[in-house]
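Trainee: Sharing a structure, written as structure tokens. Questions coming.
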Amino acid sequence: MKKIILAASGALFSSVLWAQNPLSVHVLNLENGLPSPDVKVTLEQQQNGKWVQISQATTNAQGRITALFPENKSFDTAVYKVTFKTGEWFKANNQKTFFPEVPVIFQVDGSVKHYHIPLLLSPYGYSTYRGN
């Protein structure tokens, strides 16, 4: 019974983080269907035609970063870029890859409060989409 309550508490805590932070990411390895922990991820905002880094983090054991956007900054309507450092991750896992990094450029239009960017990854291909 205690394990079920703790698991439910963890899910609730994760949901609360997602509700508070406007940006999360998730990386899954398509080769084995498992999460990809320890993937470095950067977040940049386009400002005056240049990319300015505003955050960076590393995926957790579930392949997630639940709060990528900085807490002290306003999530403005703008163009952002999330870059997954996939080459470093594959090297650390003794695998070759064609993609040293995966940049995902997206536009925040203010129509939703939370943006989620999943990355489905393999050594020679990837897919991403606007999640929820």
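The values are calculated or read from the model by the stated rules, or taken from the named source; none is laboratory data. Predicted, not measured: the structure shown is a model, and the values here were computed from it. A quick note on method: Cβ atoms are made from the backbone with ideal geometry, for glycine too, and the neighbour counts reach across all protein chains shown.
Trainee: Can you tell me how many residues within the range 103-120 are outside any strand (DSSP E or B) and among the hydroxyl-bearing types (S, T, Y)?
Mentor: Summing the residues that are outside any strand (DSSP E or B) and among the hydroxyl-bearing types (S, T, Y) in the range 103-120 gives 1.
Trainee: What are the residues in the range 31-51 that are modelled with pLDDT of 95 or more and either under 14 Å from W89 (Cβ atoms) or aromatic (F, W, Y) (or both), if any?
Mentor: Within the range 31-51, L34, P35, S36, P37, D38, V39, K40, V41, T42, W51 meet the criteria.
Trainee: For R130, indicate whether it is basic (K, R) and touching a Ser or Thr at 6+ places or on another chain (Cβ under 8 Å). Quick ask: steps written out before the conclusion?
Mentor: Details: basic (K, R): yes; touching a Ser or Thr at 6+ places or on another chain (Cβ under 8 Å): no.
Judged against the criteria, R130 is not a match.
Trainee: How do the pairs read when you match residues in the range 87-100 that are without any contact (Cβ under 8 Å) to a residue 12 or more places away in the chain with residues anywhere that are part of a loop (DSSP other than H, G, I, E, B) and surrounded by 12 or more Cβ atoms within 10 Å (Cβ to Cβ), using Cβ under 7 Å and keeping only pairs 6 or more apart or on different chains?
Mentor: none
Trainee: Determine, yes or no, whether Y126 is in contact with a strand residue (DSSP E or B) (Cβ under 7 Å, 6 or more places away or on another chain), within 16 Å of S36 (Cα to Cα) and outside any loop (DSSP other than H, G, I, E, B). Spell out how you get there, then give the answer.
Mentor: Values: in contact with a strand residue (DSSP E or B) (Cβ under 7 Å, 6 or more places away or on another chain): yes; within 16 Å of S36 (Cα to Cα): yes; outside any loop (DSSP other than H, G, I, E, B): yes.
So Y126 passes the test.
Trainee: Quick one: in the range 75-112, which of the residues that are of a type in the set (D, E, K, R) and over 16 Å from the mean Cα position of the chain (by Cα) is farthest from G33 (Cα to Cα)? Walk me through how you get there before you give the answer.
Mentor: We begin by selecting, within the range 75-112, every residue of a type in the set (D, E, K, R); these are 76, 81, 85, 88, 91, 96, 101, 109.
Add one more test, that the residue is over 16 Å from the mean Cα position of the chain (by Cα), and what stays is 76, 91, 96, 109.
Details: D76: 34, K91: 19, K96: 18, D109: 32 Å.
Here the residue is D76.
Trainee: Tell me yes or no: at least one residue of the range 18-30 is over 17 Å from P123 (Cα atoms), small (G, A, S) and touching a residue at least 60 places away in the same chain (Cβ under 8 Å).
Mentor: yes
Trainee: Just give me the residues in the range 61-100 being closer than 11 Å to T42 by Cα and touching a Phe, Trp or Tyr at 6+ places or on another chain (Cβ under 7 Å), in sequence order.
Mentor: Matches in the range 61-100: F69, Y80, K81.
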